[in-house]
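Scroll down for the structure; my scribbles are underneath it.
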Amino acid sequence: MTCADNRLLHSALLDGELAPDERAQVEAHLATCAECTAELAALARTLSMIHALPAARAPHGFVDRVLEAARPLPWHRRLGRRLFQPLRVKLPLEAAAIMLVALGAVYVFQNTPELQQAARQEPPVSAPVPVSPPATPAPPAVPAVRGTPAPSPSAPAEAHRTAEEDQAGKKKEREAALSDAPAKAEAPPSRPVTSPAPRLEARPEAKLQSKVDARKTPVAPEGRSDAREAPPAATNLMKDKAPSQSPAAPPAPPAAAAPPADVAPEAREKSGARPQSEVSRPLDRVGPSESSGDLSARARQVPARLFVAPDASGRLSVADRAAADRALADLGARLGVTQAFRRDEPDGAIIEWIVPREVYAEFVRGLAGIGRWTADREPASPPARVRLQVRVGS
Amino acid sequence: MRGESPSEPKELLDRLRAGEARAFEELVTTYQHRVFGVAARMLGSSAEAEEVAQETFLRAHRALADFRGEAKLSTWLYAIASRLCLNRLASGEGRMSRARAEGLDRLPAAGGEPGADLERSEREAALHRAIAELPEDRRIVVVLRDIEGLTYDEIAAALSLELNTVRSRLHRARLDLKEKLERFLP
């Protein structure tokens with residue numbers, strides 16, 4: 001065994017890790033080699049130094065920290081970690097995903113006319129029967145409305161007032177309506193028990209009314225309180241306006257005309273001078289760009305009942321809108337159907353007709369003759385006067 | 001094995017496998033200084049050493065179900081700690097620098113005598129520095145053998161090395177240390 005071979009085994013010798021035969025060979029060489037023996041002694045001293053090193057000790061509280069870290073996290077923290085960690089990666093990804101979903105929703109809404117129409121339309125008015133007091137069942141609409149005499153001295157004047165009144169008068173009403181708003185907000189508590197029925201009934205109409213107005217012009221801040229107060233006005237308008245309409249003009253349908261006859265005068269009395277100002281309110285919110293003539297014309301076209309969802313609706317696709325307008329006017333005149341409302345939009349017009357039940361089927365056939373007619377909603381059993389909303393477009 | 005060498009009761013392993021919280025506390029209490037010592041000698045920083053030691057116990061806690069008991073618990077813990085240290089050093093996360101090696105002098109020492117003489121302090125500092133300057137693969141062998149007292153077989157098992165590799169690395173590491181510490185040798 002050479003000295004080099006011998007020294008390679010010194011460490012193992014000192015550690016007692018040599019096999020017996022290796023150990024015997026190393027020890028035999030050491031017995032004859034002073035240099036290797038000195039080398040081994042130096043290595044042994046080095047190991048002694050290392051072994052004399054003080055042992056490192058874990059810092060105080062180490063065990064507690066490990067046990068704390070080993071404790072399972074509550075589920076919400078585990079979920080939070082899984083969802084958001086690492087923040088730098090997941091947060092931007094999640095924000096991007098939310099943006100994508102939002103953009104997708106907007107895109108779908110903008111490209112789906114049905115959704116837009118559904119957003120504009122109020123859901124069908126629920127039957128007012130459960131709201132009305134059971135002791136006073138709703139009488140048939142037409143006789144009730146027509147037969148209701150004007151109880152207060154101011155009522156006849158209100159009933160016969162139309163939107164054709166001069167602009168100055170309208171201004172006054174507008175101001176009155178605006179100044180009425182705060183007072184009206186406090187009025188409900190003093191209302192008699194019987195009055196809630198018409199209020200509840202008419203509320204959806206007011207909402208839709210405010211929506212229609214909002215599409216026209218930005219609503220003034222006080223418009224909100226107006227919109228909330230609109231329902232009684234709409235109800236009164238229906239009751240008051242009906243007798244003044246032309247014979248062809250439809251009476252208010254049952255859904256809106258349900259308030260019992262004994263409630264009507266009371267409600268009207270409570271509203272005092274309000275009805276007229278509220279009648280004009282929807283017109284007040286029409287954009288400033290519209291002339292007074294437009295306002296008057298619109299006032300003639302827009303009965304309060306308009307704001308209730310129609311009984312039937314559909315789309316009429318035509319090639320020539322002007323020709324279709326003429327054909328529709330002819331059809332209406334021929335069958336004695338009244339146009340209750342019309343709104344022109346860039347991509348078409350929304351027209352609402354009041355169609356007597358007897359001629360409803362013929363009227364629809366006539367529509368199909370004018371263009372491609374697609375019915376969106378059909379009444380299961382048509383009322384006496386069917387409110388038919390037609391969206392005319394190319 | 002250096003320091004307290006508790007027998008590794010099979011009972012502790014059984015309790016650990018049964019998920020007994022008290023058994024895990026016992027494991028940490030028993031082996032905290034040894035695991036921390038390996039990490040401290042390898043990384044040269046108390047803060048990093050504590051981090052690695054904590055991670056060692058947490059990994060052991062999670063992997064207890066997979067521990068087959070073929071090796072001793074202590075060997076298993078040393079294996080985890082060694083791997084974590086070497087990975088950290090390899091990734092450059094905690095590569096020990098000469099400057100940081102000075103920090104080893106301030107490692108908390110068991111039974112530190114306030115009246116230790118200057119020569120001893122100097123010798124210890126030189127020894128820390130010499131160990132810190134060893135290549136990582138040799139350093140871990142010296143730490144496990146000469147500081148923690150593992151057998152060659154245990155080191156081979158913990159580091160997944162051949163026995164001869166352990167022997168040669170250890171011998172070379174010791175020769176390096178002997179050269180650097182020659183002036184302190186009596």
Residues that are surrounded by fewer than 21 Cβ atoms within 10 Å (Cβ to Cβ) and in contact (Cβ under 8 Å) with a residue 24 or more places away in the chain, drawn from the range B:164-186: B:Arg172, B:Asp176, B:Lys180, B:Leu181, B:Phe184
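Looking at A:Val63, A:Val89, can you tell me which residue is at negative phi and modelled with pLDDT of 90 or more?
Matching residue, one of A:Val63, A:Val89: A:Val63.
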Odd one out for B:Leu185, checked against (1) of a type outside the set (S, T, N, Q); (2) modelled with pLDDT of 95 or more; (3) over 14 Å from the mean Cα position of the chain (by Cα): (2)
Which listed residue is among the charged types (D, E, K, R) and within 11 Å of chain A (Cβ to nearest Cβ), from B:Glu55, B:Glu70, B:Glu20, B:Glu48: B:Glu55
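So that you can scan it fast, the table gives a plain yes or no per residue for (1) of a type in the set (Gly, Ala, Ser); (2) in contact with a Cys (Cβ under 6 Å, 6 or more places away or on another chain); (3) more than 7 Å from chain B (Cβ to nearest Cβ); (4) farther than 30 Å from B:Leu144 by Cα:
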position	(1), (2), (3), (4)
A:Ser48	yes, no, yes, no
A:Ala52	yes, no, yes, no
A:Phe62	no, no, no, no
A:Leu67	no, no, no, no
A:Ala70	yes, no, no, no
A:Pro74	no, no, yes, yes
A:Gly80	yes, no, yes, yes
A:Arg88	no, no, yes, yes
A:Pro92	no, no, yes, yes
Search result, residues across the range B:23-38 that are without any contact (Cβ under 8 Å) to a residue 12 or more places away in the chain and within 11 Å of chain A (Cβ to nearest Cβ): B:Glu25, B:Thr29
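Considering only residues that are among the small types (Gly, Ala, Ser) and outside any helix (DSSP H, G or I), which ones fall in the range A:356-394?
From the range A:356-394, those among the small types (Gly, Ala, Ser) are A:361, A:366, A:368-369, A:371, A:375, A:380-381, A:384, A:393-394; that's our starting set.
Selection gives A:Gly371, A:Ala375, A:Ala380, A:Ser381, A:Ala384, A:Gly393, A:Ser394.
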Evaluation of B:Trp76 against (1) at pLDDT below 95; (2) within 12 Å of chain A (Cβ to nearest Cβ); (3) within 24 Å of A:Val66 (Cα to Cα) (one fails), failing number: (2)
One residue from B:Arg2, B:Arg95, B:Arg41, B:Arg15 being modelled with pLDDT under 90 and at the interface with chain A (Cβ under 10 Å from one of its Cβ atoms): B:Arg2
Residue in the range A:1-59 that is surrounded by the most Cβ atoms within 10 Å (Cβ to Cβ), counting only those that are outside any loop (DSSP other than H, G, I, E, B), free of Cβ contacts under 8 Å to residues at least 12 places away in the same chain and β-branched (Val, Ile, Thr): A:Thr46
Residue match in the range B:115-127 (condition: at pLDDT below 90, assigned to a loop (DSSP other than H, G, I, E, B), facing another protein chain (nearest Cβ under 10 Å) and loosely packed, with under 14 Cβ neighbours inside 10 Å): yes
Filter result for the condition that a residue is within 17 Å of B:Ala81 (Cα to Cα) and modelled with pLDDT of 95 or more, over B:Ile140, B:Ile147: B:Ile140
Considering residues of the range B:149-168 that are in a helix (DSSP H, G or I) and among the hydroxyl-bearing types (Ser, Thr, Tyr) only, the residue nearest to the other protein chains (Cβ to nearest Cβ): B:Tyr152
Single condition A:Arg285 does not satisfy, out of (1) in contact with a helix residue (DSSP H, G or I) (Cβ under 6 Å, 6 or more places away or on another chain); (2) at pLDDT 50 or above; (3) charged (D, E, K, R): (2)
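The values are calculated or read from the model by the stated rules, or taken from the named source; none is laboratory data. Computed from a predicted model, the values in this text were never measured in an experiment. A quick note on method: Cβ atoms are made from the backbone with ideal geometry, for glycine too, and the neighbour counts reach across all protein chains shown.
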